[in-house]
1. Could you give the dipole magnitude of the chain about its Cα centre, charging the beta-carbon of Lys and Arg +1 and that of Asp and Glu -1, in debye to the nearest 20?
2. Once amide H atoms are placed 1.01 Å from N in the peptide plane, what residues at a sequence separation of 5 or more from residue 3, or on another chain, have their amide H within under 5 Å of its amide H?
3. Calculate how steeply helix 4-35 sits against the longest principal axis of the alpha-carbon atoms of the chain, using the helix alpha-carbon long axis, and give the answer as 0 to 90 degrees to the nearest 10.
4. So what's the angle, to the nearest 10 degrees on a 0 to 90 scale, between helix 47-68 and the longest Cα principal axis of the chain?
Amino acid sequence: MASGALFLAIGTAVAAGDLAIAQFAMRARQQRLDAAPMGDERPGPSLAGIRMFRLSAVGIFLIFAALAFGLIPSADIQPIQFH
């Protein structure tokens, strides 16, 4: 039986990594746009793709938090209780 705190920690780590990747991609995109002359755009990460990474980070965290606190019932997870 796994602890709910473990799932909360995993969800937090995965979401933080996902947000870091999105931030890195946004900086790389901005540097490409700043360095390229007008009309000469090299392919890079799209703005929609970066936004999807950010939204998926929130979704991943919410799923793992729901598992950790017992909102999504699972027989293998001991939920976190505050009482």
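Only the coordinates and a few stated rules stand behind these numbers; no lab work does. These figures come from a predicted structure and were not determined experimentally. All Cβ positions, glycine included, derive from the backbone under ideal geometry; neighbour counts span all protein chains shown.
1. Roughly 160 debye for the chain.
2. When sequence neighbours closer than 5 places are left aside, the close amide H contacts are 78.
3. 0 degrees
4. The angle comes out at about 10 degrees.
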